Amino acid sequence: MTIGSKNLTTTDLDIIEDAVLVEELKKAKEELFNLRFQSATGQLESHGRIKAVKRDIARIFTVMRERELGIRAVVAAPVATEKPAKAAKAKSATPAETEEA
């Protein structure tokens, strides 16, 4: 997940666990510090990036606070399951190969 991007939405943050969310918050704060430093020294090329990172930090804080209050729960990511037909096909192919060998 990139800080300051459109990929960081509240629905994406719902999937992330609390420990990972804290790490993302640390990354975002560090990036904001670096951007402010670049701005002060005149090296910053994209000033809109500061605004995007600030919004990401606010989103992370909001999701964390809503979880504390019980408003929002951690949603488990959907697990992809293997279709039974493929599993049965794989099982039937294995004994045939052993008989030929």
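The values are calculated or read from the model by the stated rules, or taken from the named source; none is laboratory data. It should be emphasised that the depicted structure is a prediction, and the values quoted were computed from it without experimental measurement. Note that each Cβ is placed from the backbone with ideal geometry, even for glycine, and that neighbours are counted across all protein chains shown.
Is it fair to say Leu25 is within 17 Å of the chain's Cα centre (by Cα), surrounded by 12 or more Cβ atoms within 10 Å (Cβ to Cβ) and in a helix (DSSP H, G or I)? So Leu25 passes the test. For beta carbons closer than 9 Å, sequence separation of 6+ or different chains, a first residue in segment 1-27 that is within 14 Å of Val74 (Cα to Cα) and at pLDDT 90 or above and a second that is acidic (Asp, Glu) and not in a loop (DSSP other than H, G, I, E, B), there are no qualifying pairs.
If I filter segment 61-70 for residues that are surrounded by 12 or more Cβ atoms within 10 Å (Cβ to Cβ), among the polar types (S, T, N, Q) and either part of a helix (DSSP H, G or I) or at pLDDT 70 or above (or both), do I get at least one hit? Yes: segment 61-70 contains one or more residues that are surrounded by 12 or more Cβ atoms within 10 Å (Cβ to Cβ), among the polar types (S, T, N, Q) and either part of a helix (DSSP H, G or I) or at pLDDT 70 or above (or both).
Determine whether segment 41-49 contains at least one residue that is at pLDDT below 95 and either buried (at least 16 other Cβ atoms within 10 Å of the Cβ) or under 23 Å from Val74 (Cα atoms) (or both). Scanning segment 41-49 turns up at least one residue that is at pLDDT below 95 and either buried (at least 16 other Cβ atoms within 10 Å of the Cβ) or under 23 Å from Val74 (Cα atoms) (or both).
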